[in-house]
Amino acid sequence: MLPSTSPSYFTAALLLVGKTVAHSQRRYIDNSSGTPETVIPGASSYNGLNLVPQMGWNNWNAFHCDVSEDLLLSTAQSMIDLGLRDLGYNHLVLDDCWSIGRNSSGYLVADYVKFPSGMASIADRLHSMGYKFGMYSSAGVFTCGKYPGSLGYEQKDADLWASWGVDYLKYDNCFNQGQSGTPKLSFDRYNIMSQALNATGREIVYSMCNWGNDDPFDWAYTIANSGRMSGDIYDSFNRPDARCPCTSAIGCAWPGFHCSVMNILNKMAAITSRTMSGYFNDMDMLEVGNGGQTDSEYVVHFSMWAINSSPLLIGTNIPTLSAANLAILSNPAIIALNQDASAGAAVRKYQYLVDPDETGEGEIALWTRTLDNGDTVIALLNAANTTMIMNATMEDIFFDQATSGAYTTPPQLLATWDIYDLWANRMPEEEAAAIINGTAATIGFNSTSTTRYNATATSYAEGLANNNTALMGVKVGEIAPSGTFSAEVVRHSVGVYRLRAQAGIQMRKRDEL
C-alpha cells in the first residue's frame with residue numbers, strides 16, 4: 001500500500017508495485033531504483049485496491065439494526081450454497097448498530113450479545129470461507145442509528161478494525177457536526193479516515209457513503225475506492241418522493257433519501273466520466289428480492305447498476321430468495337459487464353420522455369458502454385407505460401467516437417457487429433429452484449452451462465476470451481455500417497446486448513471517456 005507521503009501518491013497513472021490486477025497492464029523499470037512497476041493507464045486507485053467494483057452483501061436494506069453473528073455466518077454459507085460467492089459476491093458487510101459504545105481507552109466495543117465470538121473471530125471465519133469482511137461507521141459523532149461515530153476517533157477506529165482483520169469500511173455521513181456544505185469541508189473530513197486506514201498497513205477498501213453531498217464524484221477518487229452519488233435507495237422503480245428532491249447529481253444541494261431506481265439512474269448521466277478504475281460511483285445497495293418491484297423492474301435495476309459499474313451489494317435476506325430473484329442476481333453475462341476491466345460507466349445517448357405511467361413518470365433511453373476487449377454494450381431502457389419497439393442506430397451507438405474530433409471515420413462505424421442478447425440465457429426458474437433446494441450440479445472451471453458461471457474457477461476476462469456462452473448470451477442478429485438495431489422491450493424493462501465486431505476491425509478502447 002502506498003503511503004500518503006509517497007511522492008508518486010497522486011499521479012495520472014498510479015504506480016502499483018507488486019499488485020495483481022484485473023486490468024490491462026504494462027511493465028516498466030523505474031530508472032531510479034531498477035524496480036519493475038506495473039502501470040495501469042488511467043488508474044485512480046489511491047491505495048491500489050478495487051480496480052473493478054466491489055460485490056457482496058450488506059444487511060441494511062433487509063435487516064436494518066437486527067444484526068448478529070448468526071446472521072452474518074448463516075448468510076455467508078447460504079451465498080456459497082447458492083453459488084453467489086463464486087459469482088464474485090465476496091464481501092460480507094456488517095452495517096450499523098453493531099457496537100455498544102467506547103471503553104475507557106476510547107476504543108469501540110462490539111455488542112457481545114449480538115456477536116459473542118468477537119469480531120476478530122467472525123472475520124477469521126469469513127476469511128476461511130473465502131470472504132472479505134466489511135465494517136460500518138459514520139464520519140460523525142453518531143452513526144445513522146445513533147451509535148458512536150468515528151469523527152475525532154479515526155485512527156483509533158481504523159487501528160481497531162485492522163486488528164480484527166477488517167477488509168472493507170462503509171463510512172456514512174450522519175451527525176457530521178456541520179462539517180459539510182462545500183467540497184473542501186467534506187473532502188477534509190473523509191480524508192482523515194482515508195489517511196487513518198492507510199496508516200494501519202492493512203489493505204482496507206474504503207467505501208464513502210456521503211449521499212452525493214458536496215459532489216464527491218469530483219474529488220473522492222483521490223481518497224476512496226467508491227463514493228455514494230445519491231441519497232439512499234428504496235424499493236421502488238420510479239415513484240417520485242419529496243424526500244428525494246434532486247433529479248440530477250450536478251448542483252444537488254441535498255440528495256435526501258427514499259430515492260427510486262430511475263431517480264438514481266438518471267443522476268448518473270451527468271457524471272459518467274467520474275467512474276474509473278479504483279473509484280466507482282456507488283448507486284446504493286441492490287433491492288432485488290425485497291418485494292417492491294416487478295420482475296422486469298428488478299431486471300432494469302440490476303442491469304443498469306451493472307452497466308454503470310456501481311458496486312453490486314445484495315441487500316436482501318439471502319435464504320428467502322425466490323427462484324426468479326436468484327436468477328436475476330446470478331446472470332453472469334450481466335455481472336461480467338460490471339466486472340469488466342474497462343471500469344467505466346455507461347453513456348446515455350438519448351432520452352425521450354414518453355407515455356407516463358400512474359406515477360406521472362415515463363421515458364425511453366439508450367445507454368452504451370465500451371468494454372475492455374473492444375466490445376460495446378447497449379441497453380435499450382423502456383421506463384414508459386407500454387411495450388415499445390426501440391431502435392439503436394450505428395450513429396446513436398457510436399456517437400461519441402464519431403464526434404471525438406478525428407478527421408477520419410472511426411472504425412466502429414465501418415464494422416459489422418454481431419449482437420448478443422445478455423438476458424436470453426437467464427437461468428430458468430426450475431434450475432434456480434434446484435439450486436435453492438440443493439439438488440443442482442456444482443459449477444466448476446470446465447462447466448459448459450449456458451446459464452451459470454463460477455468466476456472463482458475461471459475469471460470473467462478469461463471466460464470472455466473463450467467466448468463462454470454463459471457470458472456472451474445468445475446471438476440475435478447483426479448491425480451493419482449505417483444500420484439500425486430494433487428490439488421489442490416490454491413496459492418497465494430493458495434489453496441489454498453485447499456487440500462484438502466481426503473479424504478484421506481492430507477497436508480502440510474507452511473512446512467514450
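Every number here is computed from the coordinates shown, using simple stated rules; none is lab data. Quick caveat, the model's predicted, so the values are computed rather than measured. Methodologically, a virtual Cβ is constructed for each residue, glycine included, from the backbone with ideal geometry; neighbour enumeration extends over all protein chains shown.
Grab the other residues whose beta carbon is less than 11 angstrom from that of MET285, score K and R as +1, D and E as -1, and report the net.
-4
Considering only DSSP beta bridges where both residues belong to the chain, give the percentage that are antiparallel (nearest 5).
65
Do any cysteines in the chain lack another Cys Cβ under 4.7 Å, and if so which?
CYS209
Compute, for the chain, the length of the dipole vector about the Cα centre, with Cβ point charges of +1 (Lys, Arg) and -1 (Asp, Glu) only. Units Debye, rounded to 20. List each step's numbers first, then the result.
Numbers: 31 positive and 50 negative charges, 217 e Å.
In total the dipole reaches around 1040 debye.
Which angle from 0 to 90°, rounded to the nearest 10, does the C-alpha axis of helix 295-307 make with the longest principal axis of the chain?
So the helix axis and the longest Cα principal axis differ by about 80 degrees.
Determine the shape class of the chain: with a ≥ b ≥ c the square roots of the Cα gyration tensor eigenvalues, call it rounded for a/c under 1.5, and otherwise prolate if a/b is greater than b/c, oblate otherwise. Intermediate values should be presented prior to the final figure.
Numbers: a/c = 1.44, a/b = 1.31, b/c = 1.10.
Taking the square roots of the gyration eigenvalues as a ≥ b ≥ c, the chain is rounded.
Would you kindly state how much longer the chain becomes between ALA120 and ALA441 on full extension, computed as 0.36 nm times their sequence separation minus their alpha carbon distance, in nm to one decimal?
So the extension gain works out to 112.2 nm.
For GLU361, what is the net charge nearby, where nearby means another residue's Cβ is under 14 Å from its Cβ and Lys, Arg count +1, Asp, Glu -1?
Surrounding charge for GLU361 is -4.
For the stretch 55-342, what is the percent of antiparallel DSSP beta bridges, rounded to the nearest 5?
Of those bridges, close to 15 percent are antiparallel.
Relative to the longest principal Cα axis of the chain, at what angle does helix 119-128 sit, 0 to 90 degrees, rounded to 10?
Taking the Cα atoms of the chain, the angle to 119-128 is about 40 degrees.
For the residue pair HIS258 and HIS127, what label-to-label distance in nm results when each label sits 7 Å from Cα along the Cα-to-beta-carbon direction?
Placing both labels 7 Å beyond Cα along the Cβ direction yields 4.3 nm.
For the Cα atoms of the chain, what angle does the longest principal axis make with the long axis of helix 183-199, in degrees from 0 to 90, nearest 10?
Helix 183-199 and the main axis of the chain meet at about 70 degrees.
Multiplying the sequence separation of TYR407 and GLU358 by 0.36 nm and subtracting their Cα-Cα distance, what value in nm do you get?
12.9 nm
With no solvent and one point on each alpha carbon, what is the Debye value of log10 I(q)/I(0) for the stretch 55-342 at q = 0.11, 0.13 Å⁻¹?
Calculated log10 I(q)/I(0) at the listed q: -0.59, -0.86.
Put +1 on the Cβ of each Lys and Arg and -1 on the Cβ of each Asp and Glu in the chain; which of SER310, TRP161, ILE335 then has its Cα farthest toward the positive end of the dipole?
TRP161
Counting only DSSP beta bridges with both residues in the stretch 62-178, tell me the antiparallel percent, nearest 5.
Beta bridges within the stretch 62-178, antiparallel portion: roughly 35 percent.
For the pair ALA270 and VAL474, what calculated FRET efficiency results from E = 1/(1 + (r/R0)^6), where r is the Cβ-Cβ distance and R0 = 25 Å, to the nearest 0.05?
0.15
Which residues does a label at ASP81 reach in the stretch 435-449, if reach means a backbone N under 14 Å from a point 7 Å past the Cα toward the Cβ?
The answer is 435-440, whose backbone nitrogens lie closer than 14 Å to the label point.
Rounded to the nearest 20 Debye, what is the dipole magnitude of the stretch 55-342 about its Cα centre when Lys and Arg each give +1 and Asp and Glu each give -1 at the C-beta? Display every interim value, and only then the final one.
Details: 16 positive and 28 negative charges, 82 e Å.
The calculation lands at about 400 debye.
Hey, if you put +1 on the Cβ of every Lys and Arg and -1 on every Asp and Glu Cβ in the stretch 55-342, which of SER260, MET119, LEU108 ends up farthest toward the positive end of that dipole?
LEU108
Roughly how many debye, to the nearest 20, is the charge dipole of the stretch 314-383 about its Cα centre, given +1 on each Lys and Arg Cβ, -1 on each Asp and Glu Cβ, and no other charges?
Dipole size: approximately 240 debye.
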